[in-house]
Ligand code: GLN
């Protein structure tokens, strides 16, 4: 593709800056997406971690739900981390009242799946598509993928088999936050997906 990949970060709530910093560091042109026109100007979109029900509500208030759904249906590459993964999921097993997602990823997610006393933890994850070493992953009130459709590739799971990273075509989702632990291989993978999608257009 000609020039830098243009990647937007949905900037309604959540850890937007961390993603912008990583994307910029990897040579992408990162921008904040709040309006439909912002979305029209990017080759890929990151849905950050934060609170999925709040991002859902704000996306509807800002008239962004339908444009994002249309963009996903049109093949825009989207990477969701944590709350962003919840927003990409077709099904949420325990939504708050009225909570919706953008959907696109044929998975069911359970929010706050590691809830209770130990809500956050870090661990080293084997991610075969990224090679070695393992990815050091931070789980912060994280969701779990509890069911995957036939087109979904599982990229990583926990020792107990819980699925925490998935890909389906141009959609990538992780239950954890690579943007905070300094390992940028998931963002690099996403930029490759963005580059391939842009040159295929
Ligand atoms: N528990 C949050 C939610 O349900 C996600 C937490 C996160 O993004 N770190 O949206």
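Just so you know, all these numbers are worked out from the coordinates, no wet-lab data involved. None of the values given here were measured: they were computed from a predicted structure. Cβ placement follows ideal geometry from the backbone for every residue including glycine, while neighbour counts extend to all protein chains displayed.
Worth a mention:
- For the chain, radius of gyration divided by Kirkwood radius, i.e. Rg to Rh on alpha-carbons: 0.93
- Protection proxy ranking, highest mean first, for peptides 11-19, 149-157: 11-19, 149-157, where packing is the per-residue count of other beta-carbon atoms within 10 Å, averaged.
- Taking label positions 7 Å along the Cα-Cβ direction at both residue 198 and residue 160, the computed distance is 4.1 nm, reported to one decimal.
- Shape descriptor for the range 91-183: Rg over Rh equals 0.95 (Cα atoms; Rh from the Kirkwood inverse mean 1/r).
- For the peptides 44-53, 101-110, the ranking by mean Cβ contacts within 10 Å, running from highest to lowest, is 44-53, 101-110.
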